[in-house]
Amino acid sequence: MDIKILGSGCAKCKRLEQLTKEAADAIGVEATFDHVTDINRIMAYPILATPALVINEDVKVAGRMPSKEEITSWLKAG
């Protein structure tokens with residue numbers, strides 16, 4: 001599974017990455033993580049705000065912090 005965290009590297013972006021890693025570990029999902037901070041790469045996605053979570057090139061959330069339960073459900077869905 002390919003997971004990207006889109007954002008400048010602020011505290012919210014780091015927290016989203018941490019929550020996503022915890023959720024993946026909890027359900028045993030093998031994933032590669034990429035924290036995208038380059039504005040040009042971020043702008044390639046259809047988002048208006050960061051942080052954003054992209055799973056297998058599908059934007060799951062942008063501009064808000066999802067709960068760990070939401071992240072877990074997205075990871076389970078693949």
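Given the criterion touching a helix residue (DSSP H, G or I) at 6+ places or on another chain (Cβ under 8 Å) and either assigned to a loop (DSSP other than H, G, I, E, B) or charged (D, E, K, R) (or both), identify the matching residue among Glu22, Glu17.
Glu22
Filter segment 1-58 down to the residues that are farther than 22 Å from Ala77 by Cβ and among the polar types (S, T, N, Q), then identify the one that is surrounded by the fewest Cβ atoms within 10 Å (Cβ to Cβ).
Selected residue: Asn40.
Sort out which residues of segment 29-66 are within 12 Å of the chain's Cα centre (by Cα) and polar (S, T, N, Q), and write them in order of number.
Within segment 29-66, Thr32, Thr50, Asn56 qualify.
State all residues of segment 32-58 that are under 17 Å from Glu70 (Cα atoms) and either of a type in the set (Gly, Ala, Ser) or outside any loop (DSSP other than H, G, I, E, B) (or both); if no residue qualifies, say none.
Within segment 32-58, Ala52, Leu53, Val54, Ile55, Asp58 qualify.
Each value in this text was obtained by applying a stated rule to the coordinates, not by laboratory testing. Given the structure is predicted, the values throughout are model-derived calculations rather than measurements. No Cβ is skipped: glycine too gets one built from the backbone with ideal geometry, and neighbour counts run over all protein chains shown.
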